[in-house]
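All remarks here apply to the structure that follows.
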Amino acid sequence: MKANIQDFTKEELSKLIKPPFRAKQIYSWIYHKYAISFDDMKNLPKALKEELKSSYEIEPLKIVKVEDSIDGSRKYLFRLNDGNTVEAVLLLMKKEQYHKDGAIKHQAKYTVCISCQVGCKVGCSFCLTAKSGFMRDLTAGEIVEQIRIIKRENRIDANRRLNIVYMGMGEPLDNLEAVVKSSKIFSEPDGMAIAPHRQTISTSGLSSKIKKLGKMDLGVNLAISLHAVDDELRERLMPINKAYNIKSIIDAVKEFPINSRKRVMFEYLVIKDVNDDIASAKKLLSLLNGIKSKVNLIYFNPYGGTEYKRPNPKDMLAFQEYLTSRGLHCTIRESKGLDISAACGQLRDNEEH
Ligand code: SAH
Ligand code: SF4
């Protein structure tokens, strides 16, 4: 079977291909000019092109479906070569702003949410991705290709600000090796050059892997899907809490190397009558004491068959107000793409049922 050329860092490629400087040219063709065939790579000698064609492929994913939301987010469903599907979402965080003379004042700001596994083993009770079980890990190249396609399709060139969040389908720390490699490929200066501080790895809290990732000191941001402040409730929502309880997560976060201008993000999925009370906000505040953190409150996004409900905006605001008035950074995540069911796993679900 042919290898996917996006599976390799530039350093690896320069060891595989002779002479090594060709790796830089190939990177440029793939990540700047979005080449889809080796024949397109005009400055490579014919013999090398033939050699590459016989050993590598370039397109590990194909777009199956694109859905636009009225708020500007755009959701992609991709098919992998083995027929499995995964999704990614492009979010327009800030529109381009212009000076009166038409010159650009501020570039548009994008965030892309990508998947790292087909399905997920963690099995959180509120998550649609979990419902379909676990099929397999994505390779680094399959993770990388989600961004390459989205950049190409939306003409997001190198000077635009693009952030990556590993918050699509799957648990990044359960596929650590491929995720770390994809992160390195994203930040490659001769490739897409998306710096580590523009990348956020979100985890359900595999404490031992948080420590392992921390020791690698990649410079990426960390997001913890906390969702509950006591172990009993967290076990109900996230069975993984039996193996890694809240204390073990907090201890691992305290050891994590955080960029001096950044904070660890704690995601708190707010579910009506489950965890939306002020007593929880109070516990959250004390739990995060001493950690350079910010909290992101997320509206639970309902789907057919779930017992959970979307919280009242009034309760969300009261929760936020409790935290911010006591000095904790806390935002409410706009339910972007609600009309296209942008929460993870929901586009794939619509397609398959
Ligand atoms: N597995 C990792 C990353 C992917 S999940 C993790 O859990 O952190 C990314 C986020 O999507 C999680 O914070 C999760 O809580 C959220 N999510 C899952 N189902 C959701 C739903 N129905 N509504 C809103 N957010 C949801
Ligand atoms: Fe997996 Fe994250 Fe969904 Fe939990 S919330 S099942 S960890 S994708």
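Rounded to the nearest 5, the antiparallel percentage of DSSP beta bridges internal to the chain is 45%.
The angle between the Cα long axis of helix 140-153 and the main principal axis of the chain comes to about 80°, on a 0 to 90 degree scale.
Scaling the Cα radius of gyration of the chain by the globular reference 2.2 N^0.38 Å produces a ratio of 1.02. Size descriptors for segment 3-57: radius of gyration and Dmax over Cα atoms are 9.9, 23 Å.
Between the helical axis of 46-55 and the longest alpha-carbon principal axis of the chain there is an angle of about 40 degrees.
The charge dipole of the chain, taken about the Cα centre with unit charges on the Cβ atoms of Lys, Arg (+1) and Asp, Glu (-1), comes to about 1140 debye, rounded to the nearest 20.
Peptides 271-277, 47-53 ordered by packing proxy, namely the average of other Cβ atoms within 10 Å per residue, highest first: 271-277, 47-53.
The residues of the chain present an accessible area of 46 Å² per residue when probed at 1.4 Å with all protein chains retained.
Rank-order 159-169, 115-125 by packing density, defined as the average count of other C-beta atoms within 10 Å over each peptide's residues, highest first.
115-125, 159-169
Comparing mean-square fluctuations of Gly191, Gly102, Gly327 from a GNM of the chain with C-alpha springs under 10 Å, the top value falls on Gly102. Cross-link pairs exceeding 18 Å between alpha carbons, from the set Lys184/Lys215; Lys15/Lys215; Lys181/Lys215; Lys209/Lys247; Lys65/Lys151; Lys209/Lys262: Lys15/Lys215; Lys209/Lys262. How far is helix 313-324 tilted, in degrees, relative to the longest principal axis of the Cα atoms in the chain, given as a value from 0 to 90 rounded to the nearest 10? Computed tilt is about 90 degrees.
Residues considered: Glu67, Glu96, Glu321. Largest GNM mean-square fluctuation over the chain, using C-alpha springs under 10 Å, is found at Glu96.
Working note: 222 nm ellipticity from helices only, DSSP H runs with n ≥ 4, each -39,500 (n - 2.57), summed and divided by the residues of the chain, gives -9000 deg cm²/dmol to the nearest 500. Structural descriptor for the chain: relative contact order 15 percent, calculated from alpha carbon pairs under 8 angstrom and at least 6 residues apart. The alpha carbons of segment 218-317 stretch over 40, 30, 26 Å along the principal axes, in descending order. Computed over the alpha-carbon atoms, segment 11-110 gives an Rg to Rh ratio of 1.12, Rh here being the Kirkwood radius from the mean inverse distance. Calculate what fraction, in whole %, of the accessible area of the chain sits on carbon and sulfur atoms when a 1.4 Å probe is rolled over the protein chains. Answer for the chain is 51 percent, counting heavy atoms of protein chains only.
Comparing Ser69, Ser325, Ser187 in a Gaussian network model of the chain where C-alpha atoms under 10 Å apart are linked, the largest mean-square fluctuation is found at Ser325.
The values are calculated or read from the model by the stated rules, or taken from the named source; none is laboratory data. As the structure is a computational prediction, the values presented were derived from the model and not from experiment. FYI the Cβ positions are ideal-geometry reconstructions off the backbone, even for glycines, and counts take in every protein chain you see. Keep in mind that these areas ignore ligands, DNA and RNA; they rest on the heavy atoms of the full protein, side chains included. Shrake-Rupley method; radii C 1.70, N 1.55, O 1.52, S 1.80 Å.
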